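*Asks:* Handing you this structure, nothing more for now.
Just so you know, all these numbers are worked out from the coordinates, no wet-lab data involved. Model, not experiment: these values are computed from the prediction. A quick note on method: Cβ atoms are made from the backbone with ideal geometry, for glycine too, and the neighbour counts reach across all protein chains shown.
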Amino acid sequence: MKKTIIGLTALLFASPALAIEPIPGSIGYGGAPHSKLQRSPVGSTLVHRFRYDGNEYEERYVLQADRSLKLVSRSRRADR
């Protein structure tokens, strides 16, 4: 079980074929963001919420060692 979880985690973070592409409203849409997080520790996560095409989305990013943000998940939030 532990090996399966480790393997799936490695696959999730290492496979560019499974990478989530930015959509309008994403932090990285249209290229890398102009500013970089300098004070946050590497591995920190941040959540970004935005509206696109009539839907509300929530994206989760992880701060990489080179101070760039990697998009690791996106979910469409339910209407309220």
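*Asks:* What residues of the stretch 59-76 lie in the reach of a label at S35, counting those whose backbone N is under 20 Å from a point 7 Å from the Cα along Cα→Cβ?
*Replies:* 59-71, by backbone N distance to the label point.
*Asks:* Over the stretch 40-80, what is the relative contact order in whole percent, taking alpha-carbon pairs under 8 Å and six or more residues apart?
*Replies:* Over the stretch 40-80, the number comes to 36 percent.
*Asks:* Once you place label points 7 Å from the Cα toward the Cβ at R51 and L18, how far apart are they in nm?
*Replies:* Calculated label separation equals 3.3 nm.
*Asks:* Sorted by mean Cβ packing within 10 Å, highest first, what order do the peptides 57-63, 43-49, 21-27 take?
*Replies:* Top to bottom by mean Cβ count within 10 Å: 57-63, 21-27, 43-49.
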